[in-house]
Each structure stands twice: as C-alpha cells, then as structure tokens.
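Bear in mind that the values in this text are calculations on the coordinates, not laboratory data. Keep in mind the model is a prediction, meaning the values are calculated, not measured. Heads up, the Cβs are rebuilt from the backbone with ideal geometry, glycines too, and the neighbour counts pull from every protein chain shown.
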Amino acid sequence: MKRAVSSFEGSRQGLYIGGKWLEPKSGEHLPSYDPTTGRQWYEFADAGADDVNAAVRAAQDAFVDPKWRRMTQTDRGKLVRRLAELFLENADTLAEIETRDNGKLIKEMRAQMRALPDSYTYFSGMADKLQGDTVPVNKLDMLNFTMREPIGVVGMITPWNSPLMMLTGTLAPCLAIGNTVVIKPSEHTSASTLALMELIEEAGFPPGVVNVVTGAGRTAGEALVRHPGLAKVVFTGSTETGRKIAANAAANLVPCQMELGGKSPHVVFADVDIERAVNGVVAGVFAAAGQTCVAGSRCFVERSIYDRFVEALVERTNRIAIGHPMSETSDIGPLALSEQVKKVKTYVASGLAEGARVAAGGKQPRREDLADGWYFEPTVLTDASNDMGFMRDELFGPVVGVMPFSSESEMIALANDTRYGLASGIWTKDIDRAMRFARAVDAGTVWINTYRSASFMSPMGGFKESGYGRRGGFDVMREFSRVKNVVLDY
Ligand code: NAD
C-alpha cells in the first residue's frame, strides 16, 4: 500500500469521487493535528456543497451502472472478500495511520485492524442471500412474491474515535448488498478512510461505488445530509449532532440510522471476586482513554463492599500507564482532540463543586515527555450522584463516577436514570439477578460478568437518546435493502 503514514506527513489530501482523486471545488483545506504534539501533520480537503453534489452524483451513476447493478451476487461477494484480504495484508499500515491521527494505542489499533477483515468476510455473505418470499394470495392463478433489492446511495458520517471500525459495520453490508456510498469522515480523523480508498480501487470496485468527501461537519456533513439523492443516512457520533442530522434528513424524508452517545451503567454486586470486577470496570471505562461510546462511566457498587471496591479500583487505576500511543508499554494514550481535554477538565471541576471527590487522577499528567500532548489521567470520582453534570452527560474521556446502592430496585432506578440507553454491565454470581437486570435495564447491550466484548455478528445500537437502528448481525441486511411486492396474474 502506497498510502503509508509517510505519504500523509506534510501533505495536502484531495477528495475521492467517481474513482478519481480531485482537488476540492471549494478550494479549501483544513489541518489535521497530531494528538501527541498538538502540531499539524497534514491537510485535508474541506468539501463544499458542489463537491458533495459531485460525490452523490457519482454514487447515483455508479448505482445504475451495469458494471455494478448487473454484477452477479457471487461476484459482488467475491469483491467484498477481496477487500477483506487486502485489508488484512495492510492492517499494520492502517493501524499506524489510525494511531497517528487519533492517538489510540498502536497495539490496540493493530489488533483492531487485523480483526476488521473478518467483518468484511462475514458481511460479504449477504451478497448471495438477498432473497424474497412467495406470498399466498386469496385468488387462483396469481403469483404474489417479494423481491429484496439495494436501496441506493447511502451517506455515512463517521466519528473520530474509531473511524475504520465504525465505517466497516455499515460499509461492508452496503457493498455486499449492492448499494453505493458517500462517506464523510470526521474532520479530526480523515486519514485512514482516505487510505482505505486505495484498497477499494485495488479490489476492483467500479468507480463511484465508494466516494469520500472530507471536511467540516457544518459544511460537508450538512450538505451530504441535506442531499435529496440519498436513500439513507448512517450517522455515528454525538446525540447533539444526531438530532440535527435527523431533522435535516427528514426534510427529504430520508431515513437515518443513528449510533449515538452513551452514559452506560456498570453495576457491581457484593458476591463478586472484587479483583475481577475492578479489572472489568477499568477496562470498560478507561479503554481508549474513555473515548468509546459504550464506556461504563457510571459505576454502581453494592454498599456492603463499596469501600473495599473503591480502594481496589483506585489502586488499579493508579497503576495504569499513561504514555505515547506508539509505545507497547502504554495502557492509555492521549485524547484525540484538545477540546476533549478542556471538556473533561471542566466536568471534573464542576463535579468537585457539586460535591464529588477525586479518588484517583483528576488532572493532566505533569510529565515533561507528555507536556505537549492531550493527555488526561484516568480518573475516579467518588461521592457521585446522578444529578451531577459528569454523571449526566457523556464526557468521552477517562472518568468514572462511583456511587453505592442498597437494593436491587434502587440499583435499577439509578441505572436507568439517564437519557441514554446504549450499553450496560453487571458483575454478580447470581444468574437470576443478572437476568432480572438484563430485562429491566434500558440499554441496547447488556454485558454480564464481562464488558465491551462485542461482535460484528450481533446487533449493536441504542435505546432512548443513544439512537435507533442496529449495526452488526444478519438483520442489517434489512436496514440496507428494500422489499418490493410483485403480483402476477396468469
Ligand atoms: P460528532 O457528533 O461531533 O461528529 C460526528 C460526525 O458528524 C463528524 O464526522 C462530524 O464532522 C459530523 N457532523 C458534525 N456536525 C454535523 C452536521 N450538522 N451535519 C452533518 N454532519 C455533522 O461526534 P464525535 O465527537 O466525532 O464522536 C464522538 C461521539 O460519537 C460520542 O458521542 C460517541 O458516543 C459517539 N459514538 C457512538 C457510537 C455508537 O455506535 N453508538 C460509536 C462511536 C462513537
């Protein structure tokens, strides 16, 4: 793959439209910053409405082009599997690009990029399984059946926290089913999506099947969402942005899939092995420096073990190694954006004013080697309550609030006392209690004695203000295909 990290360094990147690399008609570019130094490392195009129109037009043309539309299902599946092979061959390069752009740990990005090809392979199986039904009709000599077909041009808007992982869950099924795509990656992390286009080309997807318009959300993103030529918008990002996007898409009656934020409850009962539960809570909230949508950032602990649990949690948190994301010994790296550090600092400060207490972390590390980067210590706030700002809002940083509960009913009320409903976790040896929690909690995913063990084979998505629609699993075939009823009198 030619597009290694070095090919971005100091470069100015274009847009990928209709199989060609183009300068933006807007003439505008934006800087992308290295989170370990805060310095610009390349520039990407800030697409305007004309660029977005060109990308949607290219995707519309590709959708009806016989090269794509009349490709056999078997060949389309093979093409997606070829992409999986190329992805695997280039996984380590993609990992380096991702780490350079968003500051996530290289060891985690390598593991993630080496795993994503399995997802492409899984979804490639949808290509030859798109089928309809023969439906009974209350009349003789009549054939009544359904056909499943691709929906058209899908607009995909991705966040900065896991650009390629978030993209794969929808790009892979969309391509297998025969749709075409316009991607608008986050303005903070466009590099890996641009690099992926080289593999799309090499795999042999016809020009225009996949297009990328980089740029700011309010310009490129909004122009895409407002485009009447889209069949669907898939958005992964914050609830606040999701609300605007859903309203803008609704003007053209374009449906959306919304993968939004979370403030997930993580519950610990007294019957657990404390060390195991502590490790689960730590991995659940501090992975990727807290920048995961499912972060278990509200921790509820049964009162009888509360003090012991907090002591063990603080001890474990203080052993987390903060460091450069390229170092194999780092446990957490920097946050992806400088604004994120400001946001986390502000919420920790207001939490203290509201009565919470810092039991671990709570500030930027005072270390010379980290001084320029956007690092924040993994932080445990005790004496928390659900009405405090940091317990209500998604911080997307390494902060967990801890509070005790006395009964199962109190715990359920506390867990569900949030506008979000993305994920949840419970640690207990009592399977009946775990199942009662699974039924009662308002969350799209429930983890029992584990956390963040997700699979592209199962449905992932939120309730309440965490969104609607599901990624993962075979059901997504319905999200990206449409059904047509055909009636034949003979
Ligand atoms: P964000 O909402 O700030 O931005 C996401 C994307 O939307 C970016 O590409 C941005 O450019 C674009 N955008 C912004 N304003 C827009 C507008 N008006 N019209 C069209 N596009 C616009 O989110 P972020 O900060 O990049 O990502 C973090 C958020 O993503 C967190 O809230 C996190 O929970 C969420 N997330 C959710 C999931 C999930 O599966 N539920 C997964 C990952 C991240």
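Quick check: the angle from helix 91-102's long axis to the longest principal axis of the chain, C-alpha only, nearest 10 degrees? In the chain, helix 91-102 runs at an angle near 60 degrees to the longest axis. By other beta-carbon atoms within 10 Å, ranking I448, I245 with the fewest at the front produces I448, I245.
Each of the trypsin sites (Lys or Arg not before Pro) that DSSP puts in a loop and that has at most 14 other Cβ atoms within 10 Å breaks the chain; the longest unbroken stretch is 140-318.
Cross-link pairs exceeding 27 Å between alpha carbons, from the set K129/K244; K107/K429; K78/K232; K25/K78; K25/K484; K104/K232: K129/K244; K107/K429; K25/K78; K25/K484; K104/K232. Taking Cα centre as origin and charging only the Cβ of basic (Lys, Arg, +1) and acidic (Asp, Glu, -1) residues, the dipole magnitude of region 255-386 rounds to 340 debye.
Among C174, C293, the ranking by other beta carbons within 10 Å of each residue's beta carbon, starting with the fewest, stands as C293, C174.
For region 81-231, the dipole from Cβ point charges (+1 on Lys and Arg, -1 on Asp and Glu) about the Cα centre works out to 340 debye, to the nearest 20. Straight-distance candidates among the aspartates and glutamates for linking to K20, with alpha-carbon spacing under 14 Å and chain neighbours fewer than 8 residues away dropped: D51, E198, E201, E202. Counting only the Cα atoms, the chain fills a convex hull of 151 Å³ per residue.
Ordering T346, A384, T170 by the projection of their Cα atoms onto the charge dipole of the chain, which places +1 on the Cβ of Lys and Arg and -1 on the Cβ of Asp and Glu, puts T170 at the extreme positive end. Entry note, region 283-389: relative contact order of 25 percent, from Cα contacts under 8 Å with a spacing of 6+ residues. Cβ crowding within 10 Å ranks F123, F456, F145 as F145, F456, F123, fewest other Cβ atoms first. Think of each Lys and Arg Cβ as +1 and each Asp and Glu Cβ as -1; about the Cα centre, that makes the dipole of the chain roughly 780 debye. For the chain, the share of DSSP beta bridges that are antiparallel, to the nearest 5, is 40%.
In the chain, Cα pairs under 8 Å separated by at least six residues give a relative contact order of 18 percent. Would you please classify the overall shape of region 256-361 from the alpha carbon gyration tensor, given that a ≥ b ≥ c denote the square roots of the eigenvalues, rounded means a/c under 1.5, and beyond that prolate means a/b larger than b/c while oblate covers the rest? It comes out rounded by the Cα gyration axes. Once the GluC sites (Glu not before Pro) in DSSP loops with at most 14 neighbouring Cβ atoms within 10 Å are cut out of the chain, the longest remaining piece is 10-327.
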